[in-house]
Amino acid sequence: MSIFHSFPNLPGPEETAFCKLNEVYCCGNARYGNISTFSNATKKHPIINVTRDLHHHRTSDENISMYIDVEDNLLKKITSVWYKQGFLEALSVAADPSVNRESPTLAVTASYILKVANILTAFRYFLQPHLKDIGPKIVANYSRTRNWGQVPVKCLAWHPHTTKIAVATVDDNVRVYCSEVTFVSTLKCKAQGHVSSLNWRPLSASELAVGCEQGVIVWTVDPNLMFTKPSSSNAVLLKKNGHSPVTDVSWSPNGDLLISCSGADTSMLVWDTAMETAIPLRRVAGGGNVFARWSFDASKIFTATSSIIFRIWDTKTWTPERWCARGHRVVAACWGPDNILLFAAKGEPMVYALTTTSLLSGSQTTKATPALDVTKVELSSGEPVGGPILDMCWDPTGRYMAMLFEESHLVAVFCTTYIMMQLKIDPCCFVTGVEDEIPCTMAFQQNFNDGACLTIAWSSGRVQHFPIIYSESY
Amino acid sequence: MDVTCDIFSKRLIISVLWNIGLQAVIAVMLVGFIQIDILHPVSWISSSINDVFGWKMSINIVLLGLVSFFQAYIYGCYYVKPLPKYFTRFSMFLSLFCTQNIIFSILYALSGYFTMSLYSSLAKSNFNTLKKICENYDGQCLLEQSLFLQMGGMWMGLYYFLNAHIFSPTTLTFPHIYQDKFQQIKLAIHSILSCGFKNSIIPVVYYCIFYYFWGHKPRNVVSDVYGLYLEDKPLDNILNLFGSGIWIGLWFYTSLFLISVYAMRTVFNIVLTEPMKFPIESSKKLTLHKAIAQKSQFNGYLGTQDLKIMSLTDTVRRKEIFTLSQPGGHPRNWNNLLQECLKIVNDFSKELDSINGDMKPVEIEMLPKRPGSSITPKSTLYTGNLRNMAYSPQLHELKEHNKNKSEDTLLSAIKEEFNILVQRIRQKPGISYLFGELTDTRLKFLLMQAQPVMWTCEGLAFIAAASLKEDKYGVVQTDLPIVISTLINLKQNLDKLTKPGLVPRKHILNDSFALKMKSALLSSVKLSIYKIVITFSKYIHEIPLDPDVQIAIQPFLICKEA
């Protein structure tokens, strides 16, 4: 008997789930229904729908083939390719006999240089195989967002202290929606390409770290200013050689340090953002660091590498404890209260819990135990659910956990309780999309007082707030 | 030596020992590298080992030790003293020629000479002696290449000294996280090597140019003194210089010299900036509040850094702060600590205030009086009411001082005339260039010492936040208002610096380091206020706060303060 069979039934064909009110699963008509008939808790929340805004395309690698070639002379062609795509691409253009018909000597020289360069890069990849993929491919490969390159919402992040959400859209702009004001600030600058992650600085109202291909951009958006497009003078680009593309940024809960990870770099950087200095934390085994997660009390950091190795860093001494996952790299991890960590490996329908127990002798033991089996099953309505895990989120109080699956279009929400060193995971409810919507990414609101509020970005560009409300008296 | 310098000198000695170890490793690697012989690995290894354990090597190690003692002494002299104040070009210029700098430059030239000749002797080159037996004449001839190299060594020592100590300020920068020492050295090695080889190109070029113009003078002097003949072609000819290939040697040895100096510097930085745990109460050791009291000194830095680390991670010592003293029941630990912390923050905001005060006349004109404003006209300073919260005695002095000024006596009149005359002379173009106060120097000077202030603010805020759960007796809660108002006061003084239009040209910063410092300070003060306000947000109305402070924390409560 799978845990999914004890979930409440899915809403009917024309219906969708709106919220959960004190154990009552509230569904309504997908087209005419409105969440305000059930609850006012999200009345002031910003309404986000990304498709309504027109995206203007940037010349990314996917759509560069759309543009029609113009006949330029050879030198101009080579220089423009050099400027846009780099030296090696320019060499290959010069060496290509179909393009370069004018000077065969140049073509021959270029082809020889290219051969040498290829040998060198092959040798480099032999030494460091994780560098093989280029920027956006690495991000897409390690991203916890489904189809990161194509979906309208690349990632989202709630502010830790106030009702404010940042959404990175497919055109690599970051929109900041706020509950009190109606306008939307769009953060955009030239260096901001291939946004992989967002994170608001705790203990600050205005600072947002954006992980993108070149490095980390820290925006300072004054909440009192009414600019819809803050100038790029409010942004600071933090970058370092070899640390690209950035696949994850995360602030310490104390608000003083920022960690950036790159899937192609074996060291993760700890930034002092005001002084713009970084200290690398480097451990070679395991390859690039994919993402990092701070525990609530900032005493520990979980980092996942691109291989089976993951590490738990202690922030007093800055030394790691090395762990190995079974089979695959860790795709998702989240900390809960009392320093419990839940994590899941790629391609495996199993959630593990990592708990630290202090013994009477003062020493601590840490062990990983399987906590939840989410093997793929078919519900009575015929909908498949479960299977390999794509992403997990735990709400800040540690009572609800949401999960995305690689092969299912449902969002599963679980109740979690941690009493007497025992973690108990119970079914709560499913969240379904309207029509053929697929969930892309999600996040729990950080300052929701009535329970938990899960925000889900659907493939249609709709962003749904799904509140789970409970009152203590109930 | 008293307790205060003890920590510093102990650490210097440790760093010298580390340094000698590291230098020995570099030397051994050099020996192995130079004798590399892939075809005969056994003989390569055996001859390297022979050299490593030979007498030459041990003498080298001793000499390297001496050199690193030199360096430690120099670093010590720079770091222990507070930063010198130079506000005019003239005083800056004079300070270049103080005896300390002259002695140091000689020491550096010597150490450059030593290191260079050490490495060249390790590399078994024949450029260690100035003389050789002539081929054509009967007698001894000058080996100009070795003269070139040895003078080059001195040149590099001087060059490094000028670059590292005179033209850039020597301040100790504490890293924001502290890793294991080995790990740090491992991380630094790559950049040390690449910087060493890269940065050595420019001084070599300078030296070659220098030698081209003035090389014949030392050559003549040396050959006259030792009575040597000149046999080879002179090196102050471009073709000869390039043909002899000695410049490659010079570049290689310079790189080695720079690598060894950078390695020393890195080791000193790593050892000196290691965080230290001070006890909260102790009769023998230096306690935390006493360490903090020695502000702007090395111990002050360590103390405030420890305050921050303790407030974030160390529950045991925090508990000690929240306890009451055993006979008496006074929160002595907390009171001592709070007093020193507030002193640091208040002193800093006072300095800022005085810098802001320079533009007071402008400000009064620009600020329209608010109708029904609660600020009474008698408060001369902008933040009058807030200053009173800090019980600043200086304020009263300042007021009285203003009153005394109005007394009209002959003496004061003459003084005034004289001052006007001095001012007028100062305004003359050439003189104002030399003696006029440089723009932004005072603010820059102040901001350079802002690091302990940041740590103190954050430390105070996090202790206060931790007190909500850990403080059984409510020790900290009684002092919350004064902590909040002190932080708000500092924040307002900092805000005045950034307000456009109010800052006179004198205080516009154009130094990127100082600018970063300013933003770092501002963000850490805001972080501290946020930490307290968010932690106590439910109880904030129960804290007895001054109305002005209450208004000032409103934007923090609703998360609207940028």
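The values are calculated or read from the model by the stated rules, or taken from the named source; none is laboratory data. Because the structure is predicted, anything quoted here is derived from the model rather than measured. Heads up, the Cβs are rebuilt from the backbone with ideal geometry, glycines too, and the neighbour counts pull from every protein chain shown.
Just a few scattered comments:
- Consider the range B:166-182 and keep the residues that are more than 8 Å from chain A (Cβ to nearest Cβ) and farther than 20 Å from B:F298 by Cβ. The one that is surrounded by the most Cβ atoms within 10 Å (Cβ to Cβ) is B:I166.
- Complete set of residues in the range B:1-43 that are of a type in the set (D, E, K, R), modelled with pLDDT under 85 and under 21 Å from B:L286 (Cα atoms): B:D2, B:D6
- Single match in A:L198, A:L269 (criterion: within 21 Å of the chain's Cα centre (by Cα) and free of Cβ contacts under 8 Å to residues at least 40 places away in the same chain): A:L269
- Complete set of residues in the range A:167-224 that are more than 14 Å from chain B (Cβ to nearest Cβ) and β-branched (V, I, T): A:V167, A:T169, A:V170, A:V174, A:T182, A:V184, A:T186, A:V195, A:V210, A:V216, A:I217
- Residue, farthest from the other protein chains (Cβ to nearest Cβ), within the range A:241-299, restricted to residues that are part of a strand (DSSP E or B) and within 16 Å of A:R322 (Cβ to Cβ): A:V290
- Which listed residue, of A:P253, A:P230, A:P245, is in contact with a strand residue (DSSP E or B) (Cβ under 7 Å, 6 or more places away or on another chain) and under 23 Å from A:F444 (Cβ atoms): A:P253
- Of the helices (runs of 4 or more DSSP H) contained entirely in the range B:190-296, those carrying at least 3 residues that are free of Cβ contacts under 8 Å to residues at least 12 places away in the same chain and either crowded, with 18+ Cβ neighbours inside 10 Å or not hydrophobic (A, V, I, L, M, F, W, C) (or both) fall at B:216-226.
- One residue alone among B:S528, B:S524, B:S519 is without any contact (Cβ under 8 Å) to a residue 60 or more places away in the chain, assigned to a helix (DSSP H, G or I), within 9 Å of chain A (Cβ to nearest Cβ) and hydroxyl-bearing (S, T, Y), and that residue is B:S519.
- When A:T375 is tested against the conditions (1) out of contact with any Cys (no Cβ under 7 Å at 6 or more places or on another chain); (2) at pLDDT 90 or above; (3) in a strand (DSSP E or B), the lone failure is (3).
- Verdict on A:A443 being within 16 Å of the chain's Cα centre (by Cα) and part of a strand (DSSP E or B): yes
- One residue stands out in the range A:137-166 among those that are closer than 25 Å to A:P388 by Cβ, hydrophobic (A, V, I, L, M, F, W, C) and touching a residue at least 60 places away in the same chain (Cβ under 8 Å): the one that is farthest from the other protein chains (Cβ to nearest Cβ), namely A:V151.
- Once the range A:337-367 is narrowed to residues that are modelled with pLDDT under 90 and closer than 23 Å to A:L410 by Cα, the residue that is surrounded by the most Cβ atoms within 10 Å (Cβ to Cβ) is A:E348.
- Exclusive hit being of a type in the set (S, T, Y) and either touching an Asp or Glu at 6+ places or on another chain (Cβ under 6 Å) or within 18 Å of A:A30 (Cβ to Cβ) (or both), set A:T455, A:T432, A:T397: A:T432
- Subset of the range A:368-427 that is buried (at least 19 other Cβ atoms within 10 Å of the Cβ) and of a type in the set (S, T, N, Q) - its residue that is farthest from the chain's Cα centre (by Cα): A:T416
- Of all residues assigned to the range B:115-129, none qualifies as being within 14 Å of another protein chain (Cβ to nearest Cβ) and either over 24 Å from B:S255 (Cα atoms) or modelled with pLDDT under 75 (or both).
- Residue within the range A:59-80 that is under 28 Å from A:V139 (Cα atoms), touching a Gly at 6+ places or on another chain (Cβ under 8 Å) and at pLDDT 80 or above present: no
- Residue count for the range A:218-233, restricted to those that are at pLDDT 85 or above and surrounded by 19 or more Cβ atoms within 10 Å (Cβ to Cβ): 5.
- For the range B:48-62, the set of residues classified as among the aliphatic types (A, V, I, L, M), under 40 Å from the mean Cα position of the chain (by Cα) and under 12 Å from B:V28 (Cβ atoms) consists of B:V52, B:M57, B:I61, listed by residue number.
- On the stretch given as the range B:439-493, residues that are within 14 Å of chain A (Cβ to nearest Cβ) and free of Cβ contacts under 8 Å to residues at least 24 places away in the same chain total 1.
- Residue that is nearest to the other protein chains (Cβ to nearest Cβ), among those in the range B:534-562 that are in contact (Cβ under 8 Å) with a residue 40 or more places away in the chain and under 16 Å from B:D495 (Cα atoms): B:I553
- Conditions (1) closer than 19 Å to A:G211 by Cα; (2) in a strand (DSSP E or B); (3) within 14 Å of another protein chain (Cβ to nearest Cβ); (4) not acidic (D, E); number of the one not met by A:P320: (1)
- Just one of the numbered conditions (1) within 30 Å of B:K85 (Cβ to Cβ); (2) within 14 Å of another protein chain (Cβ to nearest Cβ); (3) at pLDDT 90 or above is not true of B:L158: (2).
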